[in-house]
Amino acid sequence: MSGASPWPHIVALGDARRGASLHLVADDAARVAIAKALDIESLESLEADVDLSEWLDGVQIDGAWRARIMQICGVSLDPFETALKGRFSVRAVPPGSLNAPAEPIGEVAIDEEAEDPPDLLDSESLDVGFYVVEHLALEIDPFPRKPGVEFEQPDGPRPSSPFDVLRGLKRD
């Protein structure tokens, strides 16, 4: 997912730091835009409950979302619906924050058990919808298969590969 958020829900950082609970429901236009951005057949529904709270000089974003998506099976090419849900917790800090992650210098060691560093916001506001869509995108199977569908290798001779054709052209 790149470019502008397909489901913008902008909250001023000051309002987010005072605390807020949001219930977001994607309307028809938003679902079409999100489906296009995520390259899926359609987004049947998307709802999220997001809590915003103060964290250092930034904000803590805790969310839970539910979605139903329509995908095309990679084997049978039939459309099928999948129900997805997830939870996320993200921290974000404003531009110029002393709590922003430092730019890495040289080789970087990654500790898989450590907490993720906070996101660095571009402005004094945050797009809550972006975080929901980002976490939805992480849960979508990039190689969808309709339940019960199995790939069956076709019988018969294998078509020759381009390398077999080139081998046949080679002169002795």
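The values are calculated or read from the model by the stated rules, or taken from the named source; none is laboratory data. Everything quoted here is computed from the prediction, not taken from an experiment. Every residue, glycine among them, receives a Cβ derived from its backbone with ideal geometry; neighbour counts consider all protein chains shown. Note: accessible area is taken over every heavy atom of the protein model, side chains too, but ligands, DNA and RNA are not part of it. Shrake-Rupley method; radii C 1.70, N 1.55, O 1.52, S 1.80 Å.
Can you tell me the dipole magnitude for the chain around its Cα centre, using point charges on the Cβ only (Lys, Arg +1; Asp, Glu -1), in Debye to the nearest 20? Spell out each step's value before the answer.
Working: 15 positive and 33 negative charges, 143 e Å.
Value, rounded to 20: 680 debye.
Taking the solvent-accessible surface of protein heavy atoms with a 1.4 Å probe, what is the per residue accessible area of the chain in Å²?
Working: 11900 Å² over 172 residues.
Ligands and nucleic acids excluded, the result is 69 Å² per residue.
Pick from 18, 87, 66: which residue has the top mean-square fluctuation in a GNM of the chain where Cα pairs under 10 Å get a spring?
18
Using the Cα atoms as the points, what is the convex hull volume per residue of the chain in Å³? Display every interim value, and only then the final one.
On the way: hull volume 38.0 nm³, N = 172.
That works out to 221 Å³ per residue.
Whenever you get a sec, compute what percent of the accessible area on region 38-172 sits on carbon and sulfur atoms (1.4 Å probe).
Values: 4970 of 9670 Å².
Carbon and sulfur: 51 percent of the exposed surface of region 38-172.
Which residue, 71, 61, 114, has the largest displacement toward the positive end of the dipole of the chain when charges sit on each Cβ (Lys, Arg +1; Asp, Glu -1)?
Toward the positive end, the furthest listed residue is 71.
Suppose a student asked you for the relative contact order of region 1-85, using Cα pairs under 8 Å spaced at least 6 residues apart; what percent would you report? List each step's numbers first, then the result.
Numbers: 148 pairs, mean separation 21.5, N = 85.
Computed over region 1-85, the figure is 25 percent.
Viscosity 1.567 mPa s, temperature 4 °C: what is the translational diffusion coefficient of region 26-77 from Stokes-Einstein with a Kirkwood Rh over Cα pairs, rounded to a whole number of µm²/s? Intermediate values should be presented prior to the final figure.
Working: Rh = 13.0 Å.
Result for D is 99 µm²/s.
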